[in-house]
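The values are calculated or read from the model by the stated rules, or taken from the named source; none is laboratory data. In this text the structure is predicted, and so the values were computed from the model without any measurement. Only protein heavy atoms, including side chains, enter the accessible area calculation; ligands, DNA and RNA are left aside. Shrake-Rupley method; radii C 1.70, N 1.55, O 1.52, S 1.80 Å.
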Amino acid sequence: MIGGSAGTGQVTQDCKDGIVVTGTGVLIDQETPTYHDFALYLSPATMETKYQRRLESNWVPDIEIGQCQYVTGAHSAHPQLCHVKFGWYQRRHHCRSCGKIFCSQHSANRLLLSCATDTSLLAEWSRVCNGCFHRLAIQPSM
């Protein structure tokens, strides 16, 4: 098990054709947490493409962003940017999937993402933002 009770996962089956990952994630939109159980089958091909960990050199640079990039109600008529501003007491967190910067509330989940090396394909549990968690774990076929 990785992490606490939410935003966590575990490999429940490992075979030559892929792995099965299960867990619970939490999405917080407008101060209301929603918990989601997920089960994902990750084939080697999927790990090399969709579940790829973004290289740190491709992350949004810290110096460019002073506020969480999460958009509340992104598909509504009145979307709003998260109000959290980064400073001494508010840390910024990079999503390892999209590379954008978020507050801890909007990047509380972890997913298994692949890290391609010169010799092999490795996977590690990585912080992801709410948007990437929704795209990869809740609606993975989209």
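Would you kindly state how much longer the chain becomes between LYS16 and GLU48 on full extension, computed as 0.36 nm times their sequence separation minus their alpha carbon distance, in nm to one decimal? Mind dumping the intermediate values first?
Details: separation 32, 0.36 × 32 = 11.52 nm, distance 1.50 nm.
Extra length from LYS16 to GLU48 when fully extended: 10.0 nm.
Calculate what fraction, in whole %, of the accessible area of the range 21-104 sits on carbon and sulfur atoms when a 1.4 Å probe is rolled over the protein chains.
Working: 2860 of 5470 Å².
With neighbouring chains kept in place, the figure for the range 21-104 is 52 percent.
List the lysines whose alpha-carbon lies under 21 Å from that of LYS85, not counting same-chain residues fewer than 8 positions away?
LYS85 reaches LYS100.
Residue by residue through the range 91-104, what is 3J(HN,Hα) from phi via Karplus (6.51 cos²θ - 1.76 cosθ + 1.60, θ = phi - 60°)? Round to whole Hz and write x for glycine and proline.
Karplus-based 3J(HN,Hα) across the range 91-104 equals 7, 9, 10, 8, 6, 7, 9, 9, x, 7, 10, 9, 6, 5 Hz.
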